[in-house]
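A short write-up of the structure that comes next.
We did not get these values from a lab; they are worked out from the coordinates using the rules stated. Computed from a predicted structure; not experimentally measured. Reconstructed Cβ throughout: ideal geometry from the backbone, glycine too, with neighbour counts over all protein chains shown.
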Amino acid sequence: MPLPTVLGNTSVTLNRVAAPLFSVSSSQSFAPASVQVIEGVSQSAAEAITVTTAAPGIFIVGQSTNMGAILHAGNYSFSDWR
């Protein structure tokens, strides 16, 4: 039996496709999600993913310089942009 795509008045879409829902509440929704890469006739195994809310922020190293806390992705060292 497939899961419903609407519970109460709540629905979740991933890339404009209605997602099946396990449960919903006033503060969260729980829907299974997976990702799979397909190229021609080759395909990866489907992997479960977790979708969460994010709260990105902008941080500074020190108030005296107001230099942003910007890290290099490769080695996580501080970037010195002046």
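General remarks:
- Contour minus Cα-Cα distance for Ala46 and Ser34 (0.36 nm per residue): 3.7 nm
- Rough spin-label spacing in nm, given labels placed 7 Å along Cα→Cβ, for Leu14 and Ser26: 2.8 nm
- Across the chain, Cα pairs under 8 Å and at least six residues apart give a relative contact order of 13 percent.
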